[in-house]
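Participant: Please find one structure pasted underneath; my questions will follow.
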Amino acid sequence: MSKRAEPIRSVKGTRDLLPAETGLWQRVEDEARRILGAYNFREIRTPILEQTALFARSVGADTDIVTKEMYTFEDRTSESLTLRPEATASVVRAYIEHNLFNEGGIHKLYYIGPMFRRERPQKGRYRQFYQIGAEVLGSDHPTIDAEFLEMLVLFLGRLGLREYNLLLNSVGCPKCRAEYLKVLRQALDKVKDKMCGDCQRRAATNPLRVLDCKVETDQPIIESLPHTLDHLCPECRQHFDRVTGELQQRGIPYQIAPRLVRGLDYYTRTTFEMTSNVLGAQNAFLGGGRYDGLSEMLGGPPTPGFGVAIGEDRLILAVEQTASLKPDDRLDIYVAWMGEGALHPASQLARELRRDGLSVEIGYEPMKLKKSLGIASRLGARFTVIIGEGELTAGRFQVKDMSTGQQEEIEPARVAAVVKEKLQKG
RNA sequence: GUGAGCGUAGCUCAGCUUGGUAGAGCGCCAGACUGUGGAUCUGGACGUCGCGGGUUCGAAUCCCGUCGCUCACCCCA
């Protein structure tokens, strides 16, 4: 006897989504496509593999994502490639590469797919995770920001999600941000000695991050720090006021979150995040904002943009816990047959039912009826068609409603129609 | 990268403190019920106790190492 080989397992931070879960994923994605379609977004599919420089230039060379979280490697010609850690950069790259801006107007694009970041896994965080993202390119009108957020609210409603918060902020444009950073640094110089070690470090390296600190004892100090909102230039201020004004008109509740600074370099003006308290420490299940300078950073023409990335893994976590969204993955019909002579008629019936669009399972070897019904029951079949000697000679099959136990004799040609009618009613 | 908790049957877990040769529930298979499932009862199969080493007459249990998972920090979806 040879020794059992060591089983190979999935890579750390990646996971298999088994049929028990994929039904819900499909439901969520179907709802997403539906609502995005309603707002005239069109799907774009970009490669998972991109040149490393794309992310260094867009996400930011000094961000955590780029410095320590990317899956980067050299291919055989020593070109540096990276598994995308996010997709906004890819979408804008494609927009520029295919000269979509020449078509004029605005472009509304969405994508669904996996992203990769090499972080330590924890609840709601995986090395391969999925995002549903949408981008509007070609306008900086505040109505776009508001309408986009309205769409997200509608989407979450369709999923049955009610418990979440919309957090909103503006980080300004490069002009007012430079001004703000100056003020922030001055304020930090006075108080940083009293803050946690991390904040003292951030005060020097990335002062905006201090606002994001979650250490309890730092909170009063953070409250007292100047806000980006109080240091916006007149244009940015007006833009933000228009966004909040339109949100109110649309009846969308939001909270101003002066501390909400997003971790990617390309954000300008509006930033937002939605959080849920059922998610554990990683409570943000979607986030995004405006990125008016990104196109130029990537060598394209000046093109304002606005987008969201929805963390599908986290969204589904929230849906599972707070919503009653159920995938419809039950089996319509199980075909139970007895005696070798019944195999052919049973297979033929199954084929016809399937051609009619019903989901059908059939046993592949003779079984006692009792066993067949047990299998049908376990599969969640709504109906079982019973075909034995008696049925064959009578030319009528037994159709059993598995929820009531009632059954009736129906001629083979009418089974599909009868079952469909019952499914409609039930 | 740092820290903590946890790895025992297909699943959820008990047993570990006080070492004595492995258990429960659920699930699965069969029968009661030879063409009628979900309920009940009876019986059955299933374990390198994560892996390696040490201590010991004896280790799931104590010690060391290692791998894995989970949660948290950092940061983000």
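Participant: Let a ≥ b ≥ c be the square roots of the eigenvalues of the Cα gyration tensor of the stretch A:333-378; is it rounded (a/c under 1.5), or, if not, prolate (a/b larger than b/c) or oblate? Let's see the in-between values first.
Facilitator: Values: a/c = 3.24, a/b = 1.26, b/c = 2.56.
The shape class here is oblate.
Participant: Please name whichever of A:Gly374, A:Thr72, A:Gly288 sits farthest to the positive end of the charge dipole of chain A, dipole taken about the Cα centre and charges placed at Cβ: Lys and Arg +1, Asp and Glu -1.
Facilitator: The residue sitting farthest along the positive end of the dipole is A:Gly374.
Participant: Follow-up question, since we're still on this one. Summarise the accessible area of chain A (1.4 Å probe, protein heavy atoms) by the percent that is carbon and sulfur. Show your work: numbers first, answer last.
Facilitator: Numbers: 10770 of 22290 Å².
Exposed carbon and sulfur together represent 48 percent of the surface.
Participant: Does the stretch A:1-153 classify as rounded, prolate or oblate by the C-alpha gyration tensor (a ≥ b ≥ c root eigenvalues; a/c under 1.5 gives rounded; else a/b over b/c gives prolate, otherwise oblate)?
Facilitator: Details: a/c = 2.27, a/b = 1.41, b/c = 1.61.
In terms of gyration-tensor shape, oblate.
Participant: Give me the net charge of A:Ala346's neighbourhood, meaning all other residues with Cβ under 12 Å from the Cβ of A:Ala346; Lys, Arg count +1, Asp, Glu -1.
Facilitator: Numbers: positive: A:Arg351; negative: A:Glu340, A:Glu352, A:Glu361, A:Glu365, A:Glu391.
Net charge around A:Ala346: -4.
Participant: Could I ask something else about it? Can you give the calculated 222 nm mean residue ellipticity of chain A, where each DSSP H run of n ≥ 4 adds -39,500 (n - 2.57) and the sum is split over every residue, rounded to the nearest 500 deg cm²/dmol?
Facilitator: Numbers: 15 runs with 163 residues, N = 426.
Dividing the helical sum by the residues of chain A leaves -11500 deg cm²/dmol.
Participant: Hey, with R₀ at 25 Å, roughly what FRET efficiency would A:Gln407 and A:His344 work out to, going by the Cβ-Cβ distance, to 0.05? Working shown, then result.
Facilitator: Numbers: r = 22 Å, r/R0 = 0.89.
With R0 = 25 Å, the Cβ-Cβ based efficiency is 0.65.
Participant: Additional query: What accessible area per residue comes out for chain A, rounded to a whole number of Å², with a 1.4 Å probe? Please list the in-between numbers first.
Facilitator: On the way: 22290 Å² over 426 residues.
Heavy-atom SASA per residue in chain A reads 52 Å².
Participant: On to the next question. Write out the trypsin sites (Lys or Arg not before Pro) in the stretch A:62-167 meeting two conditions: DSSP loop, and at most 10 other Cβ atoms within 10 Å of their Cβ.
Facilitator: Working: sites: A:Lys68, A:Arg76, A:Arg93, A:Lys108, A:Arg117, A:Arg118, A:Lys123, A:Arg125, A:Arg127, A:Arg158, A:Arg162; in loops: A:Arg76, A:Arg117, A:Arg118, A:Lys123, A:Arg127, A:Arg162.
Hits after loop and neighbour filter: A:Arg76, A:Arg162.
Participant: Count the DSSP beta bridges whose two residues both fall in the stretch A:34-113, then state the antiparallel fraction as a percent rounded to the nearest 5.
Facilitator: Numbers: 7 of 9 bridges.
Looking only at bridges with both residues in the stretch A:34-113, the antiparallel portion is about 80 percent.
Participant: What are the ³J(HN,Hα) couplings of the stretch A:299-309, residue after residue, when phi is run through the Karplus curve with 6.51, -1.76, 1.60 and θ = phi - 60°? Round to Hz, x for glycine and proline.
Facilitator: Values, residue by residue: x, x, x, x, 8, x, x, 9, x, 9, 10 Hz.
Participant: Under the rule of at least 5 residues apart or a separate chain, name every residue whose amide H is placed under 5 Å from the amide H of A:Cys173.
Facilitator: Placed amide hydrogens put A:Cys233, A:Arg269 under 5 Å from A:Cys173.
Participant: Can you tell me which of A:Leu81, A:Leu109, A:Leu168 moves the most in a GNM of chain A? Springs connect C-alpha atoms under 10 Å apart.
Facilitator: The residue with the greatest mean-square fluctuation here is A:Leu81.
Participant: Still on this structure, please answer the following. What is the distance, in nm, between label points placed 7 Å from the Cα along the Cα-to-Cβ direction at A:Leu369 and at A:Asp212?
Facilitator: 6.6
Participant: Using θ = phi - 60° and the Karplus curve 6.51 cos²θ - 1.76 cosθ + 1.60, what whole-Hz ³J(HN,Hα) does each residue of the stretch A:43-49 get, with Gly and Pro shown as x?
Facilitator: Once rounded to whole Hz, the list reads 6, 10, 10, 10, x, 6, 9.
Participant: How far is it, in nm, from the label point at A:Asp30 to the one at A:Lys425 when both lie 7 Å from their Cα along the line to the Cβ?
Facilitator: The two pseudo-label positions are separated by 2.4 nm.
Participant: Multiply the residue separation of A:Ser139 and A:Gln238 by 0.36 nm, subtract the distance between their alpha-carbon atoms, and state the gained length in nm to one decimal. Could you put the intermediate results ahead of the total?
Facilitator: Numbers: separation 99, 0.36 × 99 = 35.64 nm, distance 1.57 nm.
Answer, rounded to one decimal: 34.1 nm.
Participant: Enumerate the amide H contacts of A:Tyr71 below 5 Å, restricted to partners 5 or more residues apart or on another chain; note that Pro and chain-start residues carry no placed amide H.
Facilitator: A:Leu83, A:Arg118
Participant: Follow-up. Would you mind counting up the charge near A:Arg396? Only other residues with Cβ under 12 Å from its Cβ, with Lys and Arg at +1 and Asp and Glu at -1.
Facilitator: Working: positive: A:Arg414; negative: A:Glu391, A:Glu408, A:Glu409, A:Glu411.
Net of charged neighbours comes to -3.
Participant: Order A:His227, A:His344, A:His98, A:His107 by their accessible area, 1.4 angstrom probe, all chains in place, largest first.
Facilitator: Working: A:His227 55, A:His344 145, A:His98 115, A:His107 25 Å².
Greatest to least solvent exposure: A:His344, A:His98, A:His227, A:His107.
The values are calculated or read from the model by the stated rules, or taken from the named source; none is laboratory data. Keep in mind that what you see is a predicted model, and the values were worked out from it rather than measured. Counting neighbours? That spans all protein chains shown, and the Cβs are built from the backbone with ideal geometry, glycine included. Just so you know, the surface numbers come from the protein's heavy atoms only, side chains and all, with ligands and any DNA or RNA stripped out. Shrake-Rupley method; radii C 1.70, N 1.55, O 1.52, S 1.80 Å.
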